[in-house]
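Report on the following structure.
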Amino acid sequence: MKAVIMAGGQGSRLRPLTCDLPKPMVPVANRPMMEYVIRLLCHHGLQDIAITTCYLPERIEEYFGDGAAWGARLHYAVEDRPLGTAGSVKNVAGDLDETFLVISGDGLTDFDLQAAIAYHREKQALATLVLTRVMSPLEYGVVFTNQAGQIERFLEKPSWGEVFSDTVNTGIYVLEPKVLSMIPFGTPFDFSRDLFPLLLQNGEPLYGYVADGYWSDIGNLEEYLQSHLDLLTGKVKATIPGSPREGIWIETGAWVHPEAVLEPPVVLGKMCRVERDASVGPYSVLGPGTVVGQHSSIRRSILWDNVHVGAGAEIRGAVICDQVIIKPKVRVFEGAVIGRSSVLGMSSTIRPHVKVWPHKVVDRNFMVNDDVIWAGTCSRTLFGNTGISGLANLEISPEFATRVGASLAALEEPGQSVLVAADGWVASRMVKRALTTGVLASGVNVVDIGSTTLPVARFTTVLTTCAAGVYVRQGRRLPDQVEIQIIDEAGFPLSRPQERAVESYFTRGDFRRVPGSKVGKTQFAAGANQAYLKALLERYDLGLLNRRAFSVVLGYTSPGLRSLLPTFLTQLGCQIIDLGLDKEGGATPSAILHERELYTTQAADMVVGKRASLGLLVDGSGETTIIVDDQGEVVPEDTHWPLLSWALAVSGKDGGGRWAVPVTASQTVDHLAEKYHRSVLRTATNPRAVLQAVGNKAKEDPALLHPAFDALSFVAALLGLMAREGRQLSDLRAMLPVSGRRQVEVPCAWQDKGKVMHSLLESTKDQRRDLIDGIKVFHEQGWALVLPDGEDPLVQVYTEASTEDEADALAQLYMGRISEISDMGNAQLT
């Protein structure tokens with residue numbers, strides 16, 4: 001006996017789940033709905049199956065193929081236009097020469113189909129409708145039968161005043177081939193509205209079989225969630241993928257951290273991951289490849305394939321479609337649905353029953369109160385505060401990186417070279433290789449110096465006369481992010497016009513493609529670290545430092561620093577007390593920054609216990625160092641600029657003129673400048689502005705890159721200051737003027753940033769201020785800087801005053817002003 005599965009429905013009531021997916025392919029517990037139907041048919045001996053399709057038919061055929069994997073024999077009939085339920089079956093009439101069964105491909109049931117077939121034959125019916133009893137028949141076709149089971153009346157979607165029966169049509173029929181002759185070919189024709197009323201009118205033997213068991217047509221999003229609950233609680237007799245164990249189904253390759261919590265019933269798909277301190281369940285499904293980040297919580301929710309849930313996110317009673325990126329601290333509430341490939345920005349909130357259509361981007365800190373259907377992406381530019389950044393292998397995928405490489409190479413002439421390097425993280429290396437492919441495809445050569453630091457990459461880009469350089473590193477703010485730093489031929493970060501040029505090519509996709517014989521070549525260059533160290537050591541008084549023989553507690557987790565840091569400190573005459581962090585299993589290059597409290601505690605304890613001169617924790621890119629003084633106290637980052645300016649002044653390495661520092665640097669720098677008869681030049685906060693203000697001397701001396709952006713150079717300068725002043729670091733800190741500082745982030749919609757800045761510009765016009773980067777306003781007790789964030793819907797507020805309380809008061813003042821001006825609280829994404 002043969003069966004026909006009707007699989008042409010669009011599932012419009014399930015949108016946005018079905019925006020780019022036919023309803024039969026919508027997953028239920030990690031299987032398409034139609035797979036449960038095929039398994040049911042095969043279980044009841046109906047292996048010869050015709051499938052009628054219309055909407056996105058290729059998605060169904062690609063997944064099921066010939067059906068051999070399920071023990072079925074499948075063949076397909078595609079409708080050029082919708083023909084109705086009966087009209088679609090007419091399309092396969094040539095194969096139906098005996099009693100056959102018709103079933104919908106987008107429902108969930110465990111009916112005994114053989115019992116329905118036996119009933120049909122017993123009654124010698126021309127058509128038998130499989131019926132079921134429901135509590136509320138208002139949304140279904142109600143069927144009235146007599147005591148013999150013969151159908152007497154149909155009523156489509158009745159009102160309560162018309163409800164005289166609770167038996168409804170399930171869309172499962174047992175039919176004789178004779179009915180096919182009553183269906184017109186190529187014309188829309190429906191079983192319920194056209195064929196069955198015709199059979200009834202003609203007095204044909206038309207019966208209704210009331211089946212026992214579970215049935216749901218999954219007609220809306222509430223029923224979709226309910227079907228999962230019914231499946232997980234055993235109300236449906238169907239197998240769930242994975243090995244069951246106390247209400248938890250785990251498929252091959254799924255991994256759960258020992259400190260994660262699973263509350264059954266839960267389904268974990270293939271290769272999904274649940275990280276430390278995450279909580280999943282009850283009544284939750286994780287699709288294959290889905291990652292649930294640390295400290296996140298998922299309850300009564302369905303997550304499809306390859307969803308990424310960031311740390312600290314909360315998801316309650318929601319449906320999350322394929323490849324959605326949920327960034328840290330996002331909250332998604334009951335009944336919400338997030339469409340495929342959407343991105344929810346950090347700390348955003350999706351209110352109950354909100355639907356976000358596919359491929360949408362919700363900004364950081366944004367609260368979405370209404371459905372997001374037509375709004376597109378809210379992303380502003382390719383480049384942000386830290387170059388190009390995004391989640392590794394999700395936002396920054398190999399395809400994305402290749403496109404970035406081709407965009408950069410489009411700015412260079414064929415035959416020129418671009419330097420590439422990475423910090424040693426596996427994802428960084430992957431992105432570097434993919435980016436290299438894009439560069440080579442444009443006819444531009446690549447100089448690959450392997451795993452090293454960003455300062456080494458800057459130095460070598462200039463030394464090798466490359467047209468540009470690219471450095472890929474683990475994200476410094478989030479451990480699962482990757483950052484792509486692009487530098488120009490002088491070793492400086494790209495200017496904004498240069499960034500826009502790359503963005504233009506990236507957006508247009510207008511890449512240069514050269515013949516195969518003209519593809520660029522890759523040169524793997526050894527010795528970059530050694531050349532950099534040689535040039536760096538020549539800048540410092542090694543005799544002075546060796547005489548002091550400082551003892552240094554050292555910690556780093558990046559393999560790229562192994563051939564740099566110990567060698568460098570040894571050359572400076574330091575006695576190294578190595579914490580051995582690089583030998584810890586699983587540590588990543590920027591773990592120093594992500595697990596800051598853990599590592600600083602270790603370093604501080606060792607410094608005090610060993611009576612060391614200081615402790616150093618260096619991040620994988622070699623730009624940033626956390627410094628612990630001889631008393632075990634962490635040196636605040638806002639004192640780094642004063643210490644560095646002081647060190648350069650006493651060493652004579654500052655050129656004897658002006659100091660270039662960012663506008664955010666402490667006023668302590670000005671006090672030191674006055675003491676040493678120097679001047680201070682404030683610049684924009686980005687590294688390029690500072691480096692350009694120092695002077696474009698990198699072409700003559702590539703090592704002359706500012707120590708503020710090179711951890712090794714900064715450490716050498718600091719040790720030189722300690723040696724020349726003959727004091728411990730804690731004593732030097734005590735000699736600096738005391739001040740209080742604050743840095744806060746104020747949420748502000750993109751469209752409100754201009755209004756905020758204009759209003760503040762007007763309200764402070766009678767006060768002393770600097771407009772170098774943002775608006776810096778001077779007050780009697782200190783200063784406040786208001787600076788719009790270039791990456792997120794935020795405004796940064798920096799303040800400094802003589803006391804912590806005064807700095808806090810200034811911060812509160814400007815936070816209040818920004819909140820008054822901005823209508824962020826009432827903004828909605830529509």
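The values are calculated or read from the model by the stated rules, or taken from the named source; none is laboratory data. The structure presented is a predicted model; accordingly, all values stated were derived computationally and were not measured. Here the Cβ is made from the backbone with ideal geometry for all residues, glycine too, and neighbour counts use every protein chain on show. Surface accessibility is based on the protein's heavy atoms, side chains included, excluding ligands, DNA and RNA. Shrake-Rupley method; radii C 1.70, N 1.55, O 1.52, S 1.80 Å.
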Hey, can you tell me all the residues within the range 448-462 that are out of contact with any Phe, Trp or Tyr (no Cβ under 6 Å at 6 or more places or on another chain) and crowded, with 19+ Cβ neighbours inside 10 Å? Ile449, Ser451, Thr452, Thr453, Pro455, Arg458, Thr460, Thr461, Val462
Can you say whether Phe366 is in contact with a helix residue (DSSP H, G or I) (Cβ under 9 Å, 6 or more places away or on another chain), of a type outside the set (Ser, Thr, Tyr) and closer than 26 Å to Ala427 by Cα, as far as the supplied structure shows? no
Restricting to the range 677-692, give me the number of residues that are more than 20 Å from Ile775 (Cβ to Cβ) and of a type in the set (A, V, I, L, M). 1
Selected residue (criterion: most open to solvent (accessible area, probe 1.4 Å)) from residues of the range 719-775 that are of a type in the set (S, T, N, Q), closer than 17 Å to Tyr798 by Cα and touching a residue at least 24 places away in the same chain (Cβ under 8 Å): Gln743
Looking at (1) closer than 20 Å to Leu175 by Cα; (2) at pLDDT 95 or above, can you tell me which one Glu35 breaks? (1)
Run Ala784 past the list (1) without any contact (Cβ under 8 Å) to a residue 40 or more places away in the chain; (2) more than 15 Å from Gln812 (Cα to Cα) and report the number of the one that doesn't hold. (2)
For the range 548-568, check the following and say yes or no: at least one residue is among the β-branched types (Val, Ile, Thr) and within 28 Å of Val420 (Cα to Cα). yes
Give the range 442-479 a look and list any residue that's within 21 Å of Asn393 (Cβ to Cβ) and not in a strand (DSSP E or B), or say none. Gly475, Arg476, Arg477, Leu478, Pro479
Among the residues of the range 450-462, are any over 16 Å from Ala422 (Cβ atoms) and of a type outside the set (A, V, I, L, M, F, W, C)? no
Please determine whether any residue of the range 527-534 is among the hydrophobic types (A, V, I, L, M, F, W, C), closer than 30 Å to Leu564 by Cβ and open to solvent by 20 Å² or more (accessible area, probe 1.4 Å). yes
Those residues of the range 626-643 that are under 32 Å from the mean Cα position of the chain (by Cα) and surrounded by fewer than 16 Cβ atoms within 10 Å (Cβ to Cβ) come to a total of 2
Scope the range 402-425; condition under 29 Å from His706 (Cα atoms) and out of contact with any helix residue (DSSP H, G or I) (no Cβ under 8 Å at 6 or more places or on another chain); matching residues: Glu412, Gln416, Ser417, Trp425
Can you pull out the residues in the range 57-98 that are open to solvent by less than 10 Å² (accessible area, probe 1.4 Å) and assigned to a helix (DSSP H, G or I)? Ile60, Phe64, Ala86, Gly87, Ser88, Val89
Of those in the range 488-502 that are open to solvent by less than 20 Å² (accessible area, probe 1.4 Å) and touching a helix residue (DSSP H, G or I) at 6+ places or on another chain (Cβ under 6 Å), the residue nearest to Val291 (Cα to Cα) is Val502
If Trp249 meets every condition in (1) crowded, with 22+ Cβ neighbours inside 10 Å; (2) over 30 Å from the mean Cα position of the chain (by Cα); (3) aromatic (Phe, Trp, Tyr) apart from one, which number is that one? (2)
Quick check: is even one residue across the range 656-663 within 20 Å of Leu712 (Cα to Cα) and either among the acidic types (Asp, Glu) or open to solvent by 20 Å² or more (accessible area, probe 1.4 Å) (or both)? no
With the checklist (1) at pLDDT 90 or above; (2) in contact with a helix residue (DSSP H, G or I) (Cβ under 7 Å, 6 or more places away or on another chain) in hand, flag the one item Arg548 doesn't pass. (1)
Counted residues in the range 266-280 being crowded, with 19+ Cβ neighbours inside 10 Å and either among the β-branched types (Val, Ile, Thr) or in contact with a Ser or Thr (Cβ under 7 Å, 6 or more places away or on another chain) (or both) come to 7
